[in-house]
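A short worksheet on the structure shown next.
The values are calculated or read from the model by the stated rules, or taken from the named source; none is laboratory data. Model, not experiment: these values are computed from the prediction. Please note: Cβ atoms are built from the backbone with ideal geometry, for glycine as well, and neighbour counts cover all protein chains shown. To get the accessible areas, we keep the full protein, side chains included, count just its heavy atoms, and leave off ligands, DNA and RNA. Shrake-Rupley method; radii C 1.70, N 1.55, O 1.52, S 1.80 Å.
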Amino acid sequence: MAPEEINALIKKLSPFLDEGSEVFRELALFFGPGSKIEVHTGDLSKFLGRRRLYRVIRLKGESYKDCVYQLVDDHPESMEALGMLRYYKAPAGPVRWENVEAAEIAIGKELTTNAYGWAPDAWTLFENENDSHEMVAILAFDYGD
């Protein structure tokens, strides 16, 4: 989908989400062009559910798996998320898919309490301009009463 179409869809699904916010920008990037794995816009409507709050967490480590452990150890609130969209930023050069798979397995093991109830739970990968492994997690939480 073209960037302007993604922006219009985000505005339609969540009219009060500020277009200049970090969450809006990260959602536009996640669902926009350039990712190595196709994402489905149906996940966007699930993510932008009613009465939700959002948070973006940026992590950098020696590996993608290291980023996952940082998420679990340093951000325990991620265990309470209703949904998570995340993307990995691959170091320059060929993508080592086995390392991404190891990170996704770690997420499944570490966040088992809520992982299977997340709506949605999706990920993708973008190329990075430097040599670091990075992960950006966009989390949705219940707004409550």
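At least 2 residues that are farther than 24 Å from Met1 by Cα, at pLDDT 90 or above and open to solvent by less than 20 Å² (accessible area, probe 1.4 Å) in each: list the helices (runs of 4 or more DSSP H) lying fully within region 39-145 that qualify. Step through it out loud before you land on a result.
Values: elements: 42-47, 64-74, 97-110, 112-115.
So the answer is 64-74, 97-110.
Return only the number of the condition from (1) in a helix (DSSP H, G or I); (2) aromatic (Phe, Trp, Tyr); (3) open to solvent by 30 Å² or more (accessible area, probe 1.4 Å); (4) touching a residue at least 60 places away in the same chain (Cβ under 8 Å) that Phe30 does not satisfy. Here Phe30 meets the rest and fails (3). Residues in region 25-38 that are basic (Lys, Arg) and modelled with pLDDT of 95 or more: Arg25 only.
With respect to the conditions (1) open to solvent by less than 20 Å² (accessible area, probe 1.4 Å); (2) modelled with pLDDT of 95 or more, Leu9 lacks only one, and its number is (1). Residue count for region 12-27 satisfying the condition of being surrounded by 12 or more Cβ atoms within 10 Å (Cβ to Cβ) and among the charged types (D, E, K, R): 3.
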